[in-house]
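Encoded as structure tokens, the structure appears first; notes follow it.
The values are calculated or read from the model by the stated rules, or taken from the named source; none is laboratory data. This one's a predicted model, so the numbers in the text were calculated from it and none came from an experiment. Every residue, glycine as well, gets a Cβ built from its backbone with ideal geometry; the counts of neighbours run over all protein chains shown. The protein model used for the area step is the full one, side chains on, heavy atoms only, and it has no ligands, DNA or RNA in it. Shrake-Rupley method; radii C 1.70, N 1.55, O 1.52, S 1.80 Å.
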Amino acid sequence: MGDIALKVEGISKMYRLGVTGADTLAEDLQIMWKRLLGKGDILSKIDENDRSVKGTSSYVWALREISFEILKGDVLGVVGKNGAGKSTLLKILSRVTTPTTGKVRAKGRIASLLEVGTGFHPELTGRDNIYLNGAILGMTRAEIKSKFDEIVEFSGVERYIDTPVKRYSSGMYVRLAFAVAAHLEPEILIVDEVLAVGDAEFQKKCLGKMNEVSKKQGRTVLFVSHNMGAVQELCNKAMLLQNGRMTEFAETNKVITSYLNSFRNQQTNYDLREHQNREGNKKIWFTGYELLNERNERVDSFLCGQSGKIVLHFEVNIPDNINTLHFSIRVSDDMDKNIFHMSNSVANGLEFKIDDKTMRGKAICTFENLPVQPGLYYLHFFVSDLRTVFDHVHYAGKLEVESGNFFGTGKLPPTGILLVKNHWNLKTEEAL
């Protein structure tokens with residue numbers, strides 16, 4: 001394979017709807033047998049992975065005919081909406097599951113961080129899991145021991161290293177899991193969106209480590225993220241998946257532009273029930289939103305400097321008492337870089353509460369003097385109890401901002417994004 005670290009040749013993955021692991025091997029053999037007997041190409045009758053179209057088969061292609069190769073030291077960003085096949089692809093590359101057709105050739109050890117819970121035994125302590133993961137990667141105990149202190153320091157869970165990981169918060173779990181995956185020197189490191197569970201400081205630390213792993217150590221990284229800023233900063237190549245197919249494999253900025261254009265071309269839909277680009281357990285989930293002006297009238301856009309409200313409609317699927325309910329709205333530009341962020345726990349200094357009788361509600365965010373230049377921005381909604389993500393809706397909608405009289409002069413600055421009210425005085429002195 002030369003300098004090729006990973007070569008993927010025509011892989012496809014088929015799933016049967018409504019089945020989780022039962023009879024999968026038997027069904028695969030049955031399909032192969034029918035093909036050998038010449039009873040038609042049964043694979044051609046399987047539905048494509050398009051959630052917007054009603055299917056006719058009980059089978060669906062999660063992935064279809066994916067081929068690519070990446071070199072040693074490459075950092076490949078994998079982007080696409082939820083349900084596009086990103087996680088399925090990473091599971092195949094990590095050998096968690098096998099492809100229905102095609103093959104994968106990897107050169108060297110692969111360490112993967114796919115989701116909270118993957119790779120760790122909940123009954124074992126953090127210390128034991130570090131040694132277990134190292135052994136799975138084929139490392140000797142001495143090799144693992146030489147990296148142990150560095151792993152624990154990076155993860156920041158030293159105080160709990162001898163506690164069973166089932167008692168860890170999701171953030172602690174991810175910090176330790178990433179530290180293990182990144183420090184045990186795999187030739188290929190695969191990281192899914194799971195990093196979104198960590199705080200901003202740790203995410204930055206992880207991005208720095210992945211940069212070091214690829215550029216300084218010459219290792220290969222595959223990185224899935226909805227954060228286009230992080231993908232742009234870290235990756236030299238990117239892949240766009242749509243409905244289970246790879247529609248683009250090119251230089252990172254080109255792929256990101258194609259991905260974001262798919263959102264720009266969508267009409268605004270204030271109903272979020274069918275929105276697919278989201279994560280969370282849906283214990284609480286967003287069903288829609290409204291934009292309201294100062295007179296509580298529905299609008300589709302705001303003027304810069306205007307005050308208004310964003311109303312988040314939600315339903316409670318599993319009624320329960322929740323004492324620390326955290327809502328937030330992130331506003332990003334067309335490269336998914338944060339413009340500003342609003343949350344109840346920061347602005348109010350407290351968390352909301354709901355009781356076990358609550359079935360639905362509205363979280364109302366009121367803002368004053370919208371301080372951004374005219375342009376098109378994107379809304380992302382989030383709700384959690386500060387431990388578990390209930391719903392995280394990416395690109396939930398658009399925030400269109402039109403020219404307004406922000407400064408009271410009828411003028412706006414020629415550059416920049418944020419608008420800051422300012423006042424100037426001039427003081428002069430006569431020459432002595």
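Quick rundown of the values:
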item: Residue that is farthest from the chain's Cα centre (by Cα), among those in segment 391-418 that are small (Gly, Ala, Ser) and either closer than 16 Å to Asp336 by Cα or open to solvent by 100 Å² or more (accessible area, probe 1.4 Å) (or both); result: Gly397
item: Single condition Lys421 does not satisfy, out of (1) open to solvent by 60 Å² or more (accessible area, probe 1.4 Å); (2) assigned to a loop (DSSP other than H, G, I, E, B); (3) farther than 28 Å from His226 by Cα; (4) touching a strand residue (DSSP E or B) at 6+ places or on another chain (Cβ under 6 Å); result: (4)
item: Considering residues of segment 133-153 that are closer than 27 Å to Ser87 by Cβ and modelled with pLDDT under 90 only, the residue least open to solvent (accessible area, probe 1.4 Å); result: Gly134
item: Breaking point among (1) crowded, with 18+ Cβ neighbours inside 10 Å; (2) β-branched (Val, Ile, Thr); (3) at pLDDT 85 or above, for Val194; result: (3)
item: Sole exception among (1) more than 22 Å from Asn277 (Cβ to Cβ); (2) in contact (Cβ under 8 Å) with a residue 24 or more places away in the chain; (3) open to solvent by 90 Å² or more (accessible area, probe 1.4 Å); (4) out of contact with any Pro (no Cβ under 7 Å at 6 or more places or on another chain) for Ile354, by number; result: (3)
item: Hits in segment 90-113 - residues which are more than 16 Å from Phe223 (Cα to Cα) and among the polar types (S, T, N, Q); result: Thr97, Thr98, Thr100, Thr101
item: Residue under evaluation Gly18, criteria (1) farther than 30 Å from Pro186 by Cα; (2) modelled with pLDDT of 60 or more, criterion not met; result: (2)
item: Tabulated pairs, segment 131-143, first closer than 13 Å to Phe120 by Cβ, second open to solvent by less than 60 Å² (accessible area, probe 1.4 Å) and part of a helix (DSSP H, G or I), C-beta under 7 angstrom, 6+ apart or interchain; result: Tyr131/Ile144; Asn133/Val180; Gly134/Ile144
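Yes/no per residue for (1) among the acidic types (Asp, Glu); (2) assigned to a loop (DSSP other than H, G, I, E, B); (3) touching a residue at least 12 places away in the same chain (Cβ under 8 Å); (4) under 30 Å from Ser12 (Cα atoms):
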site	(1), (2), (3), (4)
Thr257	no, no, no, yes
Thr268	no, yes, yes, no
Arg295	no, yes, no, no
Lys309	no, no, yes, no
